[in-house]
Amino acid sequence: MAMTRFIKTTLAALVSSTVLLAVFASPALAQIREHNLKFGTNLAEVHPQTVGARKFAELVEKKSGGKITTRVFGTGSLGTDQQMVSALQGGTLDFVAPGASIMVGQVKEFSIVDFPFLFNSNEEADKVFDGSFGKMLLDKLPEKGLIGLGWWENGYRHTSNSKRPITKWEDFQGLKIRTMQSPVMLDLFNGLGANATPMAFNEVFTALETKTVDAQENPLAVIASSKFHEVQKYLSLTRHSYNPFVFLMSKKTWDKMNADERTVMTEAANETKAFQRRISREQEAGNLEVLKKAGMQINDLTPQERARMSEKAKLATAKYATAAGDNVAKELYAAIDKARAQK
Ligand code: TK8
């Protein structure tokens, strides 16, 4: 009897110490300390940018056993994309995932993300950004005080305006159009005969409402979630460029983290990337429906007119291919060819 009790107690002790050992030996949880982090987004709660941020926060919390929390501040409440990037560099904000275009102000090679009419499919874009070309761009960020945790999707950009349907590039002539703060975009639309004004995203709705500008261009998810349909009549599916979001982390925050905490960051970032792109793509057809129902007059371009617009657009990019460095443009085109060949 006594012997049985002894065996039971010993067994129980053994089991619990094994459990304890397993907990302490788990590499993922062993060295994780408490961190309270902040993620700023510029778009509405329903937009995949903010949905992605919330997903990342959830995954990080789960993977860190509740020790690392991330508060999400959506809808531009912390300022413009540029202001949030500066806050990351200063260490007062931890994450932001802006349209990659604005990074051209700091890393000249980022100009290529705005080259028009590059990709034939989402899969091609994913392969180029997830491959060595995208890595080459992300590798230029640490010297600017930023860590690139990967590429999310903003989407294919289309044009809305208050004047007329755009069915051919000549229809851009004389249109006052807001562009992102990207010289490629500025030259692209000026090259099509529009009068382009670079502007932070946060000012766009008011600029359209007050008719300071006639037009803007963005993916359907941005147009619908920022309610541009309330102040724009025409939507033309120009699909003139594919815009990735670049998911950034403050290098100051990264430098404070140990190896296990960094593993949590990169694992959560990789899972969020797949999730974020999936919901961005799932929402697209629904967004078109929303904009149609809201009364926008929507038109597509014929393949001939899209080809003519693409030809005309090339004039704007030649200059930036040189400015980004000859090899960068060459590497980009090689990466696209490779992605196409893999199909
Ligand atoms: C949101 C922006 C925006 C972009 C723009 O962070 O500025 O037009 O498309 O959606 O990055």
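The values are calculated or read from the model by the stated rules, or taken from the named source; none is laboratory data. Keep in mind that what you see is a predicted model, and the values were worked out from it rather than measured. As a convention, Cβ positions derive from the backbone with ideal geometry for all residues, glycine included, and neighbour counts pool all protein chains shown. We work out accessible area using only protein heavy atoms, side chains counted, and drop any ligands, DNA or RNA first. Shrake-Rupley method; radii C 1.70, N 1.55, O 1.52, S 1.80 Å.
At a glance:
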item	result
Residues satisfying the stated conditions in region 232-263, i.e. open to solvent by 40 Å² or more (accessible area, probe 1.4 Å), charged (D, E, K, R) and more than 16 Å from the ligand (Cβ to nearest atom)	K233, K251, K252, D255, K256, R262
In region 112-124, the residues that are open to solvent by 10 Å² or more (accessible area, probe 1.4 Å) and in a helix (DSSP H, G or I)	N122, E123
Any chance N154 is part of a strand (DSSP E or B), polar (S, T, N, Q) and under 28 Å from K273 (Cβ atoms)	yes
Top-ranked residue in region 315-343 [being in contact (Cβ under 8 Å) with a residue 24 or more places away in the chain and among the charged types (D, E, K, R); ranked as surrounded by the most Cβ atoms within 10 Å (Cβ to Cβ)]	E331
Selection from region 289-309 of residues that are part of a helix (DSSP H, G or I) and closer than 20 Å to N161 by Cβ	V290, L291, K292, K293, E305, R306, R308, M309
Scan of region 201-231 for residues that are within 11 Å of the ligand (Cβ to nearest atom) and free of Cβ contacts under 8 Å to residues at least 60 places away in the same chain, ordered by number	E203, V204, Q216
Residues within region 193-244 that are within 30 Å of G131 (Cα to Cα) and in a loop (DSSP other than H, G, I, E, B), tallied	2
Filter pass, Q89 being within 30 Å of V290 (Cβ to Cβ), of a type outside the set (A, V, I, L, M) and either within 13 Å of the ligand (Cβ to nearest atom) or in a helix (DSSP H, G or I) (or both)	no
Test for V60: is it within 16 Å of the ligand (Cβ to nearest atom), touching a helix residue (DSSP H, G or I) at 6+ places or on another chain (Cβ under 6 Å) and either among the hydrophobic types (A, V, I, L, M, F, W, C) or under 25 Å from L332 (Cβ atoms) (or both)	no
All positions within region 165-212 that are closer than 20 Å to Q83 by Cα and polar (S, T, N, Q)	T179, Q181, S182, T197, N202, T206
The lone exception for D187 - which of (1) part of a loop (DSSP other than H, G, I, E, B); (2) open to solvent by 10 Å² or more (accessible area, probe 1.4 Å) it fails	(1)
